[in-house]
1. Determine the gain in length on full extension of the stretch B:Glu14-B:Thr46; use 0.36 nm per residue of separation and subtract their C-alpha separation, reporting nm with one decimal.
2. If the convex hull of the alpha-carbon atoms of segment A:88-220 is projected onto planes in all directions, what is the mean projected area in square nanometres?
3. In straight Cα distance, which aspartates and glutamates are under 15 Å from A:Lys252, not counting same-chain residues fewer than 8 positions off?
4. I'd like the distance separating the alpha-carbon centroids of segment B:12-62 and segment A:1-26, in whole Å.
5. Between chains B and A, what is the buried accessible area summed over both chains (1.4 Å probe, protein heavy atoms, nearest 100 Å²)?
6. Give the residue list of chymotrypsin sites (Phe, Trp or Tyr not before Pro) in segment B:111-200 that are DSSP loop and have at most 14 other beta-carbon atoms within 10 angstrom.
7. Can you show me the helix-derived [θ] at 222 nm for chain B, built from DSSP H runs with n ≥ 4 at -39,500 (n - 2.57) apiece and divided by the number of residues, rounded to the nearest 500.
8. Using a 1.4 Å probe on the protein heavy atoms, what percent of the accessible area of segment A:76-228 belongs to carbon and sulfur?
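The values are calculated or read from the model by the stated rules, or taken from the named source; none is laboratory data. Because the structure is a prediction, the values reported are computed rather than measured. A quick note on method: Cβ atoms are made from the backbone with ideal geometry, for glycine too, and the neighbour counts reach across all protein chains shown. Heavy atoms of the whole protein, side chains included, go into the accessibility calculation; ligands, DNA and RNA do not. Shrake-Rupley method; radii C 1.70, N 1.55, O 1.52, S 1.80 Å.
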Amino acid sequence: MSTPMVEAIGIHKRFGSTEVLRGVDFVVQPGEVACVVGPSGSGKSTMLRCINHLERIDSGRLRVDGHLIGYREAGGKLHEMRESEIAKQRRDIGMVFQRFNLFPHKTALENVMEAPLVVRRSARAAARKQAEELLDRVGLADRMTNYPAQLSGGQQQRVAIARALAMSPRLMLFDEPTSALDPELVGEVLDVMRGLARDGMTMIVVTHEMGFAREVGDSLVFMDEGRIVEAGAPREVLSNPREERTKAFLSKVL
Amino acid sequence: MTASSTDRDVRSSEPLDAVPVRHPGRWVAVAVLAVLAAMFVHTVLTNDNFRWNVVGTYLFSAPVLNGLSNTLLLTVISMVIGIVGGILLAVMRLSPNPILSSVAALYIWVFRGTPLIAQLLFWNFLSALYPRLALGIPFGPEFISFDTNLLINQFAACLLGLGLNEAAYMAEIVRGGIQSVDHGQTEAAGALGMSRAQTLRRIVLPQAMRVIIPPTGNETISMLKTTSLVVVIGYFELLTSVQRIYSVNFQTIPLLIVAAAWYLALTSVLSVGQGFVERRFGRGVQSGPPGPTLLRWRPAT
Ligand SMILES: Nc1ncnc2c1ncn2[C@@H]1O[C@H](COP(=O)(O)OP(=O)(O)OP(=O)(O)O)[C@@H](O)[C@H]1O
Ligand SMILES: [Mg+2]
């Protein structure tokens, strides 16, 4: 067995007095597309944000590619990482947000070039060439000089995916990437994600698109109240849920 | 359904031929303003007490231009100190480090909470408090020491007073700007592996500028006139210069007109400059600075 891409053991996370994650365990293998579903407030976003340390976990162990996230283990003790070390870890983990979060003062091209230029200190010409290729790959070759405000939601989200890919991440996190889109724009974003999955990208996708989960997902996790209630092959979980809570949730969304 | 007469040829793709909304109120306003303006120009030109010939004599006279150059110098350097210091203080104020944040809060509290005149006097009379200033190891040997009066001359005291005071106000303006930027921007930059400093410089500050620039324009224009306070420590600028002249020749009104004309000219230049800077940082956002609709001196985009 190779090292898992993501390994979460007993993750707990609380905000003040509310416990949002109450012991989450899961493993994602390299090349796997893991879909996460569950009711609003069940902790899906929080779990995703823990994986790239946008939130720090309160207990448990979280490893990406075999390395602890946000901590170093030395002498049997955990040491918090400095900000620069955390930044370094995040380069290998791409994230796509529900509300795109593109940089509004930069064009599509500049959005994609930003991280390679600033973080990896690539040469401008090389960064530009790579950004053009990435935008072409997500079908936006003719929109490179547009500012985000001049793009549709679907186009913005595709720029956001290209921007995340520009750092050549080994893992991509998607937090409801199509939830803020008009129904007719969902397809174009899912198509890009389908392409990524085909190319072997490891992906964790929080989504309400059960069709996508069934078709593209290698595994499916159902979360409720900060715990993983049920996990398995998407077809299996969606067609024959074993747990009552899963059944109740699916009967509402399917 | 019966088509009305205007529905007949709508598919011809001709430009709409509609009667624009009429604004009779505007025309009444224009007429009233025109009469008032004519009355004003008439009295200004015919009332001999304005002494336009005196205004003409002094407008470009050496003492006035000297004062003007001091006003400009003090304004520009104080604003540079204020803006750089303000950004620094704002970043400290928002830092997760409680010590930095408290130091910035204390600074802002002291410098906004005491009168500017008192601060100017303080810097000027620093030598009474510390006759010598030295660089060295705390409580240890000194490498080099200066006579305070030589190190902080009147001009330096003016800049310290105006600049350090301005920094406190600018800090709050910059902080407001930084906090107006959506938190998702910081998260997106962080998720790409950018450091806090990179995120601030490349992502947050450029967006905060849209909020920071208009009040900074205000501060600069206000600084232009605040510089006249340096008279309390015996320095001079535009207003002091004209006061010195009219205290001798008693041509008070004409000389105040000279000063006012220069202040207005500088303010106009600053407003135009502000428009350019606002457009530069408004990229990607539709709403630019609102232009007056009658006086459209900005090139249409
Ligand atoms: N920064 C925060 N401070 C306090 N509470 C938070 C914070 N972030 C999330 N929460 C709480 O944690 C719980 C889980 O939130 P989370 O966003 O992870 O849910 P979710 O499963 O992603 O829901 P949704 O489907 O609506 O996005 C919610 O009750 C939320 O109110
Ligand atoms: Mg969520």
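1. This chain segment gains 6.0 nm when fully extended.
2. Computing the convex hull of the Cα atoms and averaging its projections yields 7.7 nm².
3. Correct list for A:Lys252: A:Glu209, A:Asp224, A:Glu243, A:Glu244.
4. Between the Cα centres of segment B:12-62 and segment A:1-26 lies a distance of 71 Å.
5. Using a 1.4 Å probe on protein heavy atoms, the buried area is about 2100 Å².
6. Of the chymotrypsin sites (Phe, Trp or Tyr not before Pro), the ones in loops of segment B:111-200 whose Cβ has at most 14 other Cβ atoms within 10 Å are B:Phe125, B:Phe139.
7. Taking each H run of at least 4 residues, the total per residue is -21500 deg cm²/dmol.
8. On the way: 2810 of 6460 Å².
Carbon with sulfur: 44 percent of the solvent-accessible area.
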